[in-house]
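Here is the structure we will look at, set down as structure tokens.
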Amino acid sequence: MGPYVLIISDNNTKLSGRIDAESFSMTPTFNSLKPLGWNVISLPEGNDLQKCYDVIVQAIEQAKANPKAPVVIHAKTVKGIGTKKTAESASGGHGFPLKSPSELPAFLSEIYNGEALPSLYNSWIEELNKWEADIKASGVKDSGEKIQKGIASAMIRARKAGLPVVSVTSDLPGSTGVADFRKEFPKDSFDVGIAESNMISAAAGMSKLGYIPVVDTFAQFGVTKGALPLTMGALSEAPIIAVFSHTGFQDAADGASHQALSYLAMISSIPHVDVYSLSCSEEADALMSAVMENFAKSYKAGKVPHSAVFFLGRENFPKSYVAGATYDLKKAQILADNTAGKNKSVVLATTGSLIPQALLAAQELENKGIGSIVVNSACVNHIDVATFKGALAKTGGRLVTVEDHQVLGGFGQMLTHALALENVSFTLKSLGVHGEFGQSAYTALELYRKHGIDSSAIVKAAMAL
């Protein structure tokens, strides 16, 4: 391939902090370049454009003079350099470094070296400040919290009880919820960097040694980069627990590349893998605890448990939906039943982040004199047919399924196929995404409305039945 020049931008930064502080030191890798045959040029001031230019010219000349010796420029850089808040943020400005639009004038003034800002910017800042004030004024305070809280509390409690729980992450613990466990048990926590396949493979190795490994990342990355090692782990009797967050449109801001709309379809058919879609922190705590306890019991009995993949959203949800609710790994939940005294009624079947929309739809239907039974099926690839059969018997077989997933290969298809195999009669409306990618939005609700999976769409489907 010679002549060949490689440029390494070494900013020691990952999404959740500094690489050497939270994962591992890259120094041995950089030190190995020279013995491996590279002609190494050091550039300690990698953000100085003139020095970059001079070193690149030097590197090209060296590569041409001796094509058999590849040249590498090791440039030390500062991610986000140019504004103090960005450069000093732990993630180097991965995302927006400001907490409020009110901080924009000082931020932009630094970029413009104290000169007057263009008038257009001032009008934008004024508009953003008003928008923020309106959002705060209309905000409804509730007792909700992220589903991730339940995951972390279950892991911490299990580790304190002596279960050999370990965390293997790929740079997203703050977003997926396992950060609290890692803070409490740093010696039982490992960060492989942004390498999701490697994360699951490493966890499978720990599983073979008798640990209970918990991996975590965004659902979109977990089901794409993780599908092969999940399959190989199951084939090799090396079960793991996965926490894949930001399902469906719940990663509203990051857009289509981060929005997992095929997450159930891509994982549910892998043998010896149980798939769960979580709707609240209380459910997450209970089901996560049950899976870890099952791992421990299976290991003790010399058996191999199934892998468990937990999918969950990003935004705040109620801590629970039913007071004193019980949770079972294989049982569906009846969250609401207002069919009594109604001439017409319908089953609203959903899972995960769409539960609040289904419950809201049930209220709207009741206002119209229509009854409904809201069924939450947390386990999506082992359908609790008995619960659905009983609910459908009370509603004349009318069934609406709704999910933040492609209709093709989703929860609705798995549910109705299981019912059909048991000769359960029903008439059906299935709501979901129809062969489209997502897009950026302020909240997931905006995309629920666009794709016809919000409460009003559920009401419309129910009334059509």
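The values are calculated or read from the model by the stated rules, or taken from the named source; none is laboratory data. Quick caveat, the model's predicted, so the values are computed rather than measured. Neighbour counts are summed over all protein chains in view; Cβ atoms, including those assigned to glycine, are modelled from backbone coordinates with ideal geometry.
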Leu392 vs (1) surrounded by fewer than 22 Cβ atoms within 10 Å (Cβ to Cβ); (2) not in a strand (DSSP E or B): all pass except (1)
In region 233-246, anything buried (at least 24 other Cβ atoms within 10 Å of the Cβ) and of a type in the set (S, T, N, Q) is listed as Ser245
The condition of being buried (at least 23 other Cβ atoms within 10 Å of the Cβ), within 21 Å of the chain's Cα centre (by Cα), modelled with pLDDT of 95 or more and not hydroxyl-bearing (Ser, Thr, Tyr) holds, among Glu403, Glu436, only for Glu403
Within region 1-45, restricting to residues that are in a loop (DSSP other than H, G, I, E, B) and charged (D, E, K, R), the one that is surrounded by the fewest Cβ atoms within 10 Å (Cβ to Cβ) is Lys34
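Of all the helices (runs of 4 or more DSSP H) wholly in region 397-465, which have at least 2 residues that are free of Cβ contacts under 8 Å to residues at least 12 places away in the same chain?
Values: elements: 411-421, 444-450, 455-464.
Those helices (runs of 4 or more DSSP H) span 411-421, 444-450.
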Point to revise | Leu230 crowded, with 24+ Cβ neighbours inside 10 Å, modelled with pLDDT of 95 or more and not in a strand (DSSP E or B) | key: yes
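Filter region 46-80 for residues that are assigned to a loop (DSSP other than H, G, I, E, B) and more than 26 Å from Ala90 (Cβ to Cβ); which is farthest from the chain's Cα centre (by Cα)? Full working, then the answer.
Here is the first cut: in region 46-80, the residues assigned to a loop (DSSP other than H, G, I, E, B) are 46-48, 66-70, 77-80.
When the remaining residues are screened for being more than 26 Å from Ala90 (Cβ to Cβ), the result is 66-70.
Numbers: Asn66: 48, Pro67: 45, Lys68: 45, Ala69: 43, Pro70: 40 Å.
Here the answer is Asn66.
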Across (1) of a type in the set (Val, Ile, Thr); (2) without any contact (Cβ under 8 Å) to a residue 12 or more places away in the chain; (3) in contact with a strand residue (DSSP E or B) (Cβ under 7 Å, 6 or more places away or on another chain), Val57 clears everything bar (3)
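Yes/no per residue for (1) touching a Phe, Trp or Tyr at 6+ places or on another chain (Cβ under 7 Å); (2) in contact (Cβ under 8 Å) with a residue 12 or more places away in the chain; (3) small (Gly, Ala, Ser); (4) crowded, with 21+ Cβ neighbours inside 10 Å:
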residue	(1), (2), (3), (4)
Gly248	no, yes, yes, yes
Ala252	yes, yes, yes, yes
Gln259	yes, yes, no, yes
Leu264	yes, yes, no, yes
Val273	no, yes, no, no
Ala301	no, no, yes, no
Ser307	no, yes, yes, yes
Phe317	no, yes, no, yes
Gly324	no, no, yes, no
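Looking at Ile373, is it in a strand (DSSP E or B) and modelled with pLDDT of 95 or more? Even if it seems obvious, please write down each step before you answer.
On the way: in a strand (DSSP E or B): yes; modelled with pLDDT of 95 or more: yes.
For Ile373, the condition - in a strand (DSSP E or B) and modelled with pLDDT of 95 or more - is met.
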Flagged pairs (Cβ under 7 angstrom, 6 or more apart or on separate chains; first in region 68-89, free of Cβ contacts under 8 Å to residues at least 40 places away in the same chain and surrounded by 17 or more Cβ atoms within 10 Å (Cβ to Cβ); second assigned to a helix (DSSP H, G or I) and among the hydroxyl-bearing types (Ser, Thr, Tyr)) are Gly80/Thr86
